[in-house]
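Only one structure is covered here, and it is reproduced in the block below.
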Amino acid sequence: MEKSIIEKTVKVIRGRSIFLIGMMGCGKSKTGLKLAELLKYKYVDLDSLIEKLVKKSINQIFNDEGEDAFRELETNCLKETIKIPSLVISTGGGIVTKSENWGILRQGIIVWIDIDKAIALERLKSEIDKRPLLQRGNLSDLYISILKSRENLYSQADLRIKIKKENVEEVALKIINAIHKEIIN
(Lines give C-alpha, C1' and ligand atoms only; values in the text may rest on other atoms or scores of the structure.)
Protein backbone atom coordinates (compact mmCIF):
# COMPACT_ATOMS: atom_id res chain seq x y z
CA MET A 1 0.00 0.00 0.00
CA GLU A 2 1.17 3.44 -0.78
CA LYS A 3 2.52 5.34 2.17
CA SER A 4 0.57 8.33 0.88
CA ILE A 5 -2.76 6.52 1.43
CA ILE A 6 -1.85 5.97 5.08
CA GLU A 7 -0.76 9.61 5.44
CA LYS A 8 -3.93 10.92 3.73
CA THR A 9 -6.08 8.71 5.92
CA VAL A 10 -4.40 9.93 9.12
CA LYS A 11 -4.79 13.55 8.01
CA VAL A 12 -8.50 13.22 7.23
CA ILE A 13 -9.52 11.27 10.34
CA ARG A 14 -7.81 13.97 12.46
CA GLY A 15 -7.10 11.95 15.55
CA ARG A 16 -10.46 10.15 15.67
CA SER A 17 -10.01 6.92 17.53
CA ILE A 18 -10.65 3.60 15.82
CA PHE A 19 -12.57 0.92 17.70
CA LEU A 20 -12.17 -2.69 16.62
CA ILE A 21 -15.19 -4.85 17.36
CA GLY A 22 -15.98 -8.46 16.49
CA MET A 23 -16.23 -11.96 17.82
CA MET A 24 -13.62 -13.48 20.05
CA GLY A 25 -10.82 -15.00 18.03
CA CYS A 26 -11.14 -12.56 15.13
CA GLY A 27 -7.74 -11.00 15.86
CA LYS A 28 -8.72 -7.60 17.26
CA SER A 29 -5.75 -7.44 19.63
CA LYS A 30 -3.02 -8.37 17.17
CA THR A 31 -4.58 -6.36 14.35
CA GLY A 32 -5.08 -3.35 16.61
CA LEU A 33 -1.42 -3.26 17.52
CA LYS A 34 -0.35 -3.40 13.86
CA LEU A 35 -2.97 -0.85 12.79
CA ALA A 36 -1.79 1.59 15.47
CA GLU A 37 1.80 1.13 14.32
CA LEU A 38 0.91 1.86 10.68
CA LEU A 39 -1.15 4.94 11.55
CA LYS A 40 1.35 6.12 14.19
CA TYR A 41 -1.46 5.97 16.74
CA LYS A 42 -1.30 4.68 20.30
CA TYR A 43 -2.83 1.30 21.07
CA VAL A 44 -5.11 0.12 23.87
CA ASP A 45 -6.40 -3.40 24.39
CA LEU A 46 -9.48 -2.85 26.56
CA ASP A 47 -9.41 -6.34 28.10
CA SER A 48 -5.73 -5.98 29.04
CA LEU A 49 -6.42 -2.54 30.51
CA ILE A 50 -9.22 -3.96 32.67
CA GLU A 51 -6.97 -6.82 33.84
CA LYS A 52 -4.23 -4.37 34.84
CA LEU A 53 -6.64 -2.06 36.66
CA VAL A 54 -8.32 -4.75 38.76
CA LYS A 55 -5.28 -7.05 38.92
CA LYS A 56 -7.37 -10.05 37.86
CA SER A 57 -7.81 -11.97 34.62
CA ILE A 58 -11.06 -11.58 32.67
CA ASN A 59 -11.83 -15.16 33.71
CA GLN A 60 -11.37 -14.29 37.41
CA ILE A 61 -13.60 -11.22 37.07
CA PHE A 62 -16.33 -13.33 35.44
CA ASN A 63 -15.97 -16.03 38.14
CA ASP A 64 -15.71 -13.67 41.14
CA GLU A 65 -18.07 -10.85 40.21
CA GLY A 66 -20.01 -12.06 37.17
CA GLU A 67 -20.50 -10.81 33.64
CA ASP A 68 -22.51 -7.71 34.65
CA ALA A 69 -19.66 -6.44 36.84
CA PHE A 70 -17.21 -7.06 34.01
CA ARG A 71 -19.43 -5.17 31.52
CA GLU A 72 -19.57 -2.22 33.95
CA LEU A 73 -15.75 -2.14 34.18
CA GLU A 74 -15.59 -2.37 30.40
CA THR A 75 -17.91 0.63 29.95
CA ASN A 76 -15.97 2.70 32.49
CA CYS A 77 -12.68 1.98 30.71
CA LEU A 78 -14.26 2.75 27.34
CA LYS A 79 -15.40 6.14 28.69
CA GLU A 80 -11.81 6.93 29.63
CA THR A 81 -10.28 5.87 26.32
CA ILE A 82 -12.48 8.18 24.26
CA LYS A 83 -10.95 11.16 26.07
CA ILE A 84 -7.60 10.43 24.41
CA PRO A 85 -7.24 11.19 20.67
CA SER A 86 -5.46 9.03 18.11
CA LEU A 87 -6.01 5.62 19.65
CA VAL A 88 -6.68 2.23 18.14
CA ILE A 89 -8.78 0.37 20.71
CA SER A 90 -9.36 -3.38 20.59
CA THR A 91 -12.58 -4.07 22.46
CA GLY A 92 -13.94 -7.24 23.97
CA GLY A 93 -16.39 -9.12 21.75
CA GLY A 94 -19.34 -8.31 24.00
CA ILE A 95 -18.86 -4.54 24.18
CA VAL A 96 -21.63 -4.12 21.62
CA THR A 97 -24.23 -5.72 23.90
CA LYS A 98 -24.51 -2.68 26.14
CA SER A 99 -26.40 0.17 24.44
CA GLU A 100 -24.58 2.79 26.53
CA ASN A 101 -21.32 1.77 24.85
CA TRP A 102 -22.60 2.68 21.39
CA GLY A 103 -22.72 6.37 22.29
CA ILE A 104 -19.02 6.18 23.10
CA LEU A 105 -18.05 3.99 20.14
CA ARG A 106 -19.83 6.34 17.73
CA GLN A 107 -17.39 9.12 18.67
CA GLY A 108 -14.73 7.19 16.78
CA ILE A 109 -14.62 4.96 13.73
CA ILE A 110 -16.07 1.50 14.42
CA VAL A 111 -14.55 -1.38 12.47
CA TRP A 112 -16.11 -4.85 12.60
CA ILE A 113 -13.53 -7.56 11.96
CA ASP A 114 -15.81 -10.27 10.60
CA ILE A 115 -13.84 -13.50 10.57
CA ASP A 116 -14.80 -16.72 8.85
CA LYS A 117 -16.49 -18.87 11.50
CA ALA A 118 -14.42 -22.03 10.86
CA ILE A 119 -11.15 -20.11 11.24
CA ALA A 120 -12.33 -18.45 14.46
CA LEU A 121 -13.31 -21.83 15.92
CA GLU A 122 -9.91 -23.26 15.03
CA ARG A 123 -8.17 -20.35 16.78
CA LEU A 124 -10.38 -20.60 19.86
CA LYS A 125 -9.86 -24.34 20.48
CA SER A 126 -6.67 -23.66 22.41
CA GLU A 127 -8.09 -20.64 24.26
CA ILE A 128 -11.24 -21.99 25.88
CA ASP A 129 -9.75 -21.68 29.36
CA LYS A 130 -9.29 -17.91 28.78
CA ARG A 131 -12.79 -17.38 27.36
CA PRO A 132 -15.43 -17.48 30.10
CA LEU A 133 -18.36 -17.48 27.67
CA LEU A 134 -17.03 -20.61 25.92
CA GLN A 135 -16.72 -22.78 29.02
CA ARG A 136 -20.32 -23.91 29.25
CA GLY A 137 -20.62 -26.53 26.52
CA ASN A 138 -19.83 -27.33 22.91
CA LEU A 139 -17.46 -24.72 21.43
CA SER A 140 -19.12 -24.56 18.01
CA ASP A 141 -22.66 -24.33 19.42
CA LEU A 142 -21.68 -21.65 21.94
CA TYR A 143 -19.79 -19.61 19.34
CA ILE A 144 -22.68 -19.73 16.85
CA SER A 145 -25.17 -18.80 19.56
CA ILE A 146 -23.09 -15.80 20.69
CA LEU A 147 -22.50 -14.72 17.08
CA LYS A 148 -26.23 -14.88 16.29
CA SER A 149 -27.05 -12.77 19.36
CA ARG A 150 -24.48 -10.10 18.38
CA GLU A 151 -24.41 -10.13 14.59
CA ASN A 152 -27.06 -7.43 14.21
CA LEU A 153 -25.13 -5.25 16.67
CA TYR A 154 -21.81 -5.79 14.89
CA SER A 155 -23.48 -4.85 11.60
CA GLN A 156 -24.01 -1.32 12.95
CA ALA A 157 -20.26 -0.65 12.65
CA ASP A 158 -19.03 2.02 10.25
CA LEU A 159 -16.96 -0.55 8.37
CA ARG A 160 -17.10 -4.33 8.00
CA ILE A 161 -13.85 -6.09 7.18
CA LYS A 162 -14.38 -9.72 6.14
CA ILE A 163 -11.36 -11.90 6.75
CA LYS A 164 -10.32 -15.47 6.28
CA LYS A 165 -6.63 -16.36 6.40
CA GLU A 166 -5.03 -12.93 5.99
CA ASN A 167 -2.13 -12.14 8.28
CA VAL A 168 -2.24 -9.29 10.80
CA GLU A 169 -0.62 -6.76 8.49
CA GLU A 170 -2.97 -7.63 5.62
CA VAL A 171 -5.99 -7.11 7.88
CA ALA A 172 -4.61 -3.79 9.15
CA LEU A 173 -4.03 -2.62 5.57
CA LYS A 174 -7.56 -3.73 4.61
CA ILE A 175 -8.88 -1.53 7.43
CA ILE A 176 -6.83 1.48 6.29
CA ASN A 177 -8.02 0.96 2.70
CA ALA A 178 -11.63 0.74 3.85
CA ILE A 179 -11.33 3.89 5.95
CA HIS A 180 -9.67 5.65 3.01
CA LYS A 181 -12.42 4.52 0.59
CA GLU A 182 -15.50 4.89 2.75
CA ILE A 183 -14.71 7.79 5.05
CA ILE A 184 -12.47 9.92 2.87
CA ASN A 185 -14.14 9.53 -0.53
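Just a few scattered comments:
- For the range 108-141, filtering for residues that are at pLDDT 90 or above and either surrounded by 14 or more Cβ atoms within 10 Å (Cβ to Cβ) or among the hydroxyl-bearing types (Ser, Thr, Tyr) (or both) leaves 11.
- Among the residues of the range 156-172, those identified as closer than 21 Å to LYS3 by Cα, crowded, with 18+ Cβ neighbours inside 10 Å and out of contact with any Asp or Glu (no Cβ under 7 Å at 6 or more places or on another chain) are VAL171, ALA172.
- The selection criterion, being modelled with pLDDT of 95 or more, touching a helix residue (DSSP H, G or I) at 6+ places or on another chain (Cβ under 7 Å) and not in a helix (DSSP H, G or I), does not hold for VAL96.
- Selection count, the range 34-51, where residues are in a helix (DSSP H, G or I), under 19 Å from LYS83 (Cα atoms) and touching a residue at least 24 places away in the same chain (Cβ under 8 Å): 6
- The residue list ILE82, ILE13 contains one member that is in contact (Cβ under 8 Å) with a residue 24 or more places away in the chain, over 22 Å from ILE161 (Cα atoms) and crowded, with 16+ Cβ neighbours inside 10 Å, which is ILE82.
- Residue in the range 125-147 that is under 16 Å from GLY93 (Cβ atoms), touching a residue at least 60 places away in the same chain (Cβ under 8 Å), acidic (Asp, Glu) and part of a helix (DSSP H, G or I) present: yes
- If only residues of the range 153-185 that are in a helix (DSSP H, G or I) and without any contact (Cβ under 8 Å) to a residue 40 or more places away in the chain are counted, the one that is farthest from THR9 (Cα to Cα) is GLU170.
- Residue within the range 22-29 that is surrounded by fewer than 20 Cβ atoms within 10 Å (Cβ to Cβ) and either under 15 Å from the mean Cα position of the chain (by Cα) or without any contact (Cβ under 8 Å) to a residue 24 or more places away in the chain (or both) present: yes
- Selection from the range 52-66 of residues that are exposed (fewer than 14 other Cβ atoms within 10 Å of the Cβ) and in contact (Cβ under 8 Å) with a residue 60 or more places away in the chain: ASN63
The values are calculated or read from the model by the stated rules, or taken from the named source; none is laboratory data. Treat the numbers as computed from the prediction; the structure is a model and nothing was measured. Glycine gets a Cβ as well: all are built from the backbone with ideal geometry, and neighbour counts include every protein chain shown.
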